[in-house]
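Engineer: Structure below; questions to follow.
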Amino acid sequence: MTRVAVNDFIGNRGISGSSRGSRLIQDALCHSHDVVVVSTSEPTAGAKAIRLARMVYWDLFGARKSALRAGASVVVHVTNTGSASTSLPSIVVIHDTMVLDHPGHFGRGFRTYAHLMFGAAARSASIVVTPSEHSARRILERWPGSVVRVIPWPASPDKPSRILPLEGRPTKVLVVASTDSHKRLEMGLSVLARLRASNPSLIATFVTRPGNAEDRFLRMVHQVDPKSSWISLMSGVSEEQLAHEYGSAKILLVPSLDEGFCLPVIEAAKYGTPTVHVDRGALPEVAPWPGARGGTNDADDEALLLSRAKLLMEDGAAWQAAHEHALNIPSRFASADFIDAWQEVVEVVTGENRNTARK
């Protein structure tokens, strides 16, 4: 049985899409491989430059050394960066290239780190894994010699005990995102305020984790809902709480400038909750809209987001059609396919015989 080291540095930074992705990869690999997790504590002490240097050291040397000490035959770096050697090949998961494509939405430190590390990781990897064709195209445009494999994130195989019909749902819009600038939550708030102007029963729930535009987001929440009468803010929620939010919302609103995949889309789809978006990044692959087109600027995107949200919030027949379409989305992202794809990637890199591995 092949020993696979998983570099789970991201797991120390709390719950996020990337940390959840790391757990999904670990669970998939455990079906046929001996998995060992290597990690180091999040560097919190010292100046930003010192913390950056510690992160770079871990990516270039620390993770690889830990994997070799653990007797691994391959190391999987689950979040965009990491190194390989002649004695230890690597598989690097690059979720997206947003920080390089839209640098104005990220801090200088992270931009510097990404420029230093992403390309080096892609060039040294035996295989780069990414969750969407959109991200694969961006990776190959930047590093054309890379070997890229698209493995979409899987939908949970668990079935809800009950899926609420339209008449059983409140007039609620759900947003699940970090408060990072590229998520464009201010645009989402603007759309929600305009929807509520014509429908006073509308309520909204934001399930967030802190990002680089947290203060700006909170200021705008206070501006559009100064009495906290219709916007609810949640963070650090349990899986059960999040499932309740998905199942009781009328729509999931995703105003993002770019997405490498967007796990909340398939999580909401399990409950038949449609996603409203503006065709940015990988979203047309995951939850396509009829007549989809890519956004051109923020004003156009906001107008499209508003018109689509208004349609599903006010037209019962349109919502029902979108609801039925959403229920079919999880079947396109089966857990078994995810497990098989990851086992194939490890087999290619290590030369492992899959039939032997499954005994």
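We did not get these values from a lab; they are worked out from the coordinates using the rules stated. None of the values given here were measured: they were computed from a predicted structure. Every residue, glycine among them, receives a Cβ derived from its backbone with ideal geometry; neighbour counts consider all protein chains shown.
Engineer: Using the Karplus equation 6.51 cos²θ - 1.76 cosθ + 1.60 (θ = phi - 60°), what ³J(HN,Hα) coupling, rounded to whole Hz, does each residue of region 146-157 give in order, writing x for Gly and Pro?
Structural biologist: With the stated coefficients, region 146-157 comes to 6, 9, 10, 10, 8, 10, x, 5, x, 7, 5, x Hz.
Engineer: Here's a follow-up. Dipole magnitude of the chain about its Cα centre, charges +1 at Lys/Arg Cβ and -1 at Asp/Glu Cβ only, in debye to the nearest 20?
Structural biologist: Working: 39 positive and 36 negative charges, 156 e Å.
With only Lys, Arg, Asp and Glu charged at Cβ, the dipole is about 740 debye.
Engineer: Check which residues have an amide H placed less than 5 Å from Val148's amide H, if you skip close sequence neighbours.
Structural biologist: Val128
Engineer: Could you work out the Rg to Rh ratio of region 97-219, with Rh taken as the Kirkwood radius (inverse of the mean 1/r over all Cα pairs)?
Structural biologist: 1.08
Engineer: Using the alpha-carbon atoms, what tilt in degrees (0 to 90, nearest 10) does helix 108-124 show relative to the longest principal axis of the chain?
Structural biologist: Approximately 50 degrees, to the nearest ten.
Engineer: Can I ask one more? Going by average Cβ density within 10 Å per residue, which order do the peptides 178-185, 90-97, 313-320 take, highest to lowest?
Structural biologist: Descending packing order for the listed peptides: 90-97, 178-185, 313-320.
Engineer: Hey, what did the chain get for relative contact order, percent, Cα under 8 Å, at least 6 apart?
Structural biologist: 16 percent.
Engineer: Report, in degrees rounded to the nearest 10, the 0 to 90 angle that the Cα long axis of helix 239-248 makes with the longest principal axis of the chain.
Structural biologist: Here the helix axis deviates by roughly 40 degrees.
Engineer: When only Cα pairs under 8 Å and 6 or more residues apart are kept, what is the percent relative contact order across region 70-159?
Structural biologist: 26 percent
Engineer: Towards the positive end of the charge dipole of region 211-263, with charges on Cβ (+1 Lys, Arg; -1 Asp, Glu), say which of Leu263, Ser228, Ile251 has the farthest Cα.
Structural biologist: Ser228
Engineer: Out of residues 5 or more away from Gly82 or on other chains, whose amide H comes under 5 Å of its own, with H placed 1.01 Å from N in the peptide plane?
Structural biologist: For Gly82, whose amide H was placed from the backbone, the distant partners under 5 Å are Ala121.
Engineer: Please give the direction-averaged projected area of the C-alpha convex hull for region 28-115, in square nanometres with one decimal.
Structural biologist: Average of the hull's projected areas for region 28-115 equals 6.7 nm².
Engineer: For helix 335-350, report the angle its Cα long axis makes with the longest principal axis of the Cα atoms of the chain; keep it between 0 and 90° and round to the nearest 10°.
Structural biologist: 30 degrees
Engineer: Apply the Kirkwood formula to region 225-350: the hydrodynamic radius equals the inverse of the mean of 1/r over all pairs of different alpha-carbon atoms; give it in Å with one decimal.
Structural biologist: 16.3 Å
Engineer: Determine, for each peptide in 273-285, 50-62, the mean count of other beta carbons within 10 angstrom over its residues, then list the peptides with the highest first.
Structural biologist: In descending order of packing, they fall as 273-285, 50-62.
Engineer: Another question about this same structure. Could you compute the net charge surrounding Ala303? Neighbours are other residues with a C-beta less than 11 Å from the C-beta of Ala303; K and R count +1, D and E count -1.
Structural biologist: Working: positive: Arg194, Arg308, Lys310; negative: Asp298, Asp300, Asp301, Glu302.
Spelling it out: positives minus negatives among the neighbours equals -1.
Engineer: Using only the alpha carbons of the chain, what is the convex hull's orientation-averaged projected area in square nanometres?
Structural biologist: For the chain, averaging the hull's shadow over all directions gives 18.5 nm².
Engineer: While we're on this one: Tally the DSSP beta bridges in the chain and give the antiparallel ones as a percent, rounded to 5.
Structural biologist: In the chain, approximately 5 percent of DSSP beta bridges are antiparallel ones.
Engineer: Note the full-extension length gain between Asn212 and Arg332 as 0.36 nm times their separation in residues minus their Cα-Cα distance, in nm to one decimal.
Structural biologist: 39.9 nm
Engineer: Here's another thing I want to ask about it. Roughly speaking, what is the centre-to-centre gap between region 262-337 and region 151-192 when only Cα atoms are used, to the nearest Å?
Structural biologist: 10 Å
Engineer: Based on a Kirkwood Rh over C-alpha pairs, give the Stokes-Einstein translational diffusion coefficient of region 169-245 at 10 °C and viscosity 1.306 mPa s in µm²/s.
Structural biologist: 124 µm²/s
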